[in-house]
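The values are calculated or read from the model by the stated rules, or taken from the named source; none is laboratory data. Just so it is clear, the model here is predicted, and its values are computed rather than measured. Note that we place each Cβ from the backbone using ideal geometry, even for glycine, and neighbour counts take in every protein chain shown.
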Amino acid sequence: MKKLFIILCLFAHVQVSAQQLAKPSAVQYKWQEQGRIMFVHFGVATWLGQEYDETGEFDISRINPTQLDTDQWCRVAKSWGAKEIIFVAKHAGSFCWWPTHTTEYCVRNIPWKNGKGDLIKDLAVSCKKAGLNLGIYIYPGDIKWGAGLGSGGITKDPSKQEAYNKIFRQQLTEVLANYGEMLEVWFDGSCKVPVSDILQKYASKAVIFQGSDATIRWPGTESGILHYPVWNSLQGKVLKSGVATQYDDDPDGDVWAPLEADVTLYNHNWFWSPKNEAKRRSVDELMEIFYKSVGHGGTLLLNSNPDTTGLIPAGDVKRYAEFGAEINRRFERPLAELNNKAAKEAVLSLEKPTKINHLLLKEDYRQGHRIRKYEVWGLTKNKWEKLTTGSSIGVTKIDYFDDVEVTAIKLKVTEHKGTPLIRSLAAYYVTGFELPKAEKEAKEYTILQEWDTKDFVNGKGQMSIDLGKYITAPGQYEVSFTNAVSVTGMWVEKAEIIFDKDPNTLQEFIQRKPKENVFFINRTGQIDKGTSSILKVEMRSDNKSFQNKGFVKIRKR
């Protein structure tokens, strides 16, 4: 009887542990099920031929996209399987594509439709007609108010903050209240303006990207790639920072916040220009990204770039269609499929010996990340042969391997929390397929400079490190302070990042690795000749009696 009691207690513990896993809300689940989303970057920068409006002083009388067709945008999105469009309604330069009265720098004062246009309205109508969800990107800052890139809406002049808060809150209310239901709200680089009440009132059925109300996350790069494994949960206190990334993944985290992998169609460029059009990614590049975003359990956010006519260029239209066709060619029709099995093992039988080289796995992630490790075996010539192994599955995991002929496939879950919930196991054979390139480990460190405790005063020292020549693109960077002698080393007491000489840079953009002199810097804003990144640190020596020195190193994650 005692043994039975112990067994029952252990079983109860497992059940409680599974029940305590972070799980997606109904809104997050609806959003994640889409898999593919199209971004639309279209604004003053399109006419400038650069990445953003640096001054907010462009002559907007030049903006007249006479052929603008939001129905075309929707057709393009659907051609590659996107289920949502996110439109950049306001970027850092502050131009607004809806007829707001919070600024004169808006669609009311351009020749298009004689100043009577409303691009958000047009797109909302087109999306509804096409069966697409709509999301909105509205930059929390505003260059005209001294709240530039990476500011989160914090003005350089504190005396302007209250007035700007009213402006941004009004703008956000307008875009959320007047155009129907939004599925996503994008705050690029976090949002420090208090807007929780507005989101609760007008965007309760939307996921939020960045800011203290965030319910989804940025991976930490704009490569479109998620590094495997992908866990959609993390600690809630980290999510509240507003700038959590994939680095913060925790399969046992207490909140659910899935990852959205954003990437450009034009390599490293978000807006159209004639020269950028020449940087269009190939189908092979896009498929590589697809495998390492959607295929790793995330959501792919692929950009589009209407030109000054308002249309997505013909070459881009063709490329999106080719991309969608290639996805369908590979994964539209499985050779065999097994669905909805709650078990540690699932066997998929084939009618005859069949050649395969791909598996598409799905977990019922509505109950959280229950599957932690798995193996896939193939029955070939009456002998089970291991085909691949993995850890996270989540919404989708694409596994691939050399061609093999099998009569059955077995998915074996080797580590799990609670009963594994296998949603789908599907087998494919893809012709003309080359194995995607192996994921590169983080790049080697580059030495920035030396530090030496002999330069400290009373055991304390300071450094100001210019990272400008090393932080050359948006992404996550790792800065490490190493000691030559660990027992008489140095400790960084404080680290501060300053972007673009802005003393109000959000310090959420720098995170410390617990108990180490290692820092992760997230650069979300675009990089150009006018941007800068300065790291300021305060240090102390662990032992004033001995001198020590070491290096400061950096690498892109």
> Residues in segment 282-292: is at least one touching a residue at least 12 places away in the same chain (Cβ under 8 Å), surrounded by 19 or more Cβ atoms within 10 Å (Cβ to Cβ), not assigned by TED's automatic domain parsing to the domain that holds residue 412 and not in a helix (DSSP H, G or I)?
Replying inline: yes
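Could you run through segment 132-149 and say how many residues are under 19 Å from residue 501 (Cβ atoms) and either in contact with a helix residue (DSSP H, G or I) (Cβ under 7 Å, 6 or more places away or on another chain) or assigned to a strand (DSSP E or B) (or both)?
Total meeting the criteria: 4.
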> Which is crowded, with 17+ Cβ neighbours inside 10 Å, without any contact (Cβ under 8 Å) to a residue 24 or more places away in the chain and in the same structural domain as residue 271 (by TED's automatic domain parsing), of 153, 93, 141, 146?
Replying inline: 146
> What pairs can you find where one residue is in segment 446-457 and outside any strand (DSSP E or B), the other is among the aliphatic types (A, V, I, L, M), and their Cβ atoms are less than 8 Å apart, with a gap of 6+ or different chains?
Replying inline: 453/490; 456/539
> Here are some conditions: (1) surrounded by fewer than 15 Cβ atoms within 10 Å (Cβ to Cβ); (2) modelled with pLDDT of 75 or more; (3) not in a loop (DSSP other than H, G, I, E, B). Residue 514 meets all but one. Which one does it not meet?
Replying inline: (3)
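Based on this model, can you work out whether residue 372 counts as farther than 26 Å from residue 263 by Cα and assigned to a loop (DSSP other than H, G, I, E, B)? Show your work before the answer.
Details: farther than 26 Å from residue 263 by Cα: yes; assigned to a loop (DSSP other than H, G, I, E, B): no.
So residue 372 fails the test.
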> Looking at (1) small (Gly, Ala, Ser); (2) closer than 19 Å to residue 233 by Cα; (3) surrounded by fewer than 20 Cβ atoms within 10 Å (Cβ to Cβ), which is the only condition residue 343 fails?
Replying inline: (2)
> Out of 51, 104, 84, which single residue is surrounded by fewer than 20 Cβ atoms within 10 Å (Cβ to Cβ) and either touching a helix residue (DSSP H, G or I) at 6+ places or on another chain (Cβ under 7 Å) or not basic (Lys, Arg) (or both)?
Replying inline: 104
> Residues in segment 156-196 that are within 19 Å of the chain's Cα centre (by Cα) and either touching a residue at least 60 places away in the same chain (Cβ under 8 Å) or under 22 Å from residue 475 (Cα atoms) (or both): how many?
Replying inline: 9
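Can you tell me how many residues in segment 367-387 are touching a Phe, Trp or Tyr at 6+ places or on another chain (Cβ under 8 Å) and surrounded by 15 or more Cβ atoms within 10 Å (Cβ to Cβ)? Lay out the reasoning, then the answer.
Of all residues in segment 367-387, those touching a Phe, Trp or Tyr at 6+ places or on another chain (Cβ under 8 Å) come to 368-369, 377-378, 384-387.
Applying the additional criterion that residues be surrounded by 15 or more Cβ atoms within 10 Å (Cβ to Cβ) yields 368-369, 377-378, 387.
Here the count works out to 5.
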>> So in segment 468-491, with the set limited to residues that are touching a Phe, Trp or Tyr at 6+ places or on another chain (Cβ under 8 Å) and surrounded by fewer than 20 Cβ atoms within 10 Å (Cβ to Cβ), which one is nearest to residue 555 (Cα to Cα)?
In response: 478
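State which residue is nearest to residue 217 (Cα to Cα) when the search covers only segment 161-204 and only residues that are polar (S, T, N, Q) and buried (at least 22 other Cβ atoms within 10 Å of the Cβ). It would help to see each step written out before you state the result.
Of segment 161-204, the ones polar (S, T, N, Q) are 161, 165, 170-171, 173, 178, 190, 196, 200, 204.
Checking which are buried (at least 22 other Cβ atoms within 10 Å of the Cβ) leaves us with 171, 190.
Working: 171: 23, 190: 11 Å.
Applying the filter and picking the extreme gives 190.
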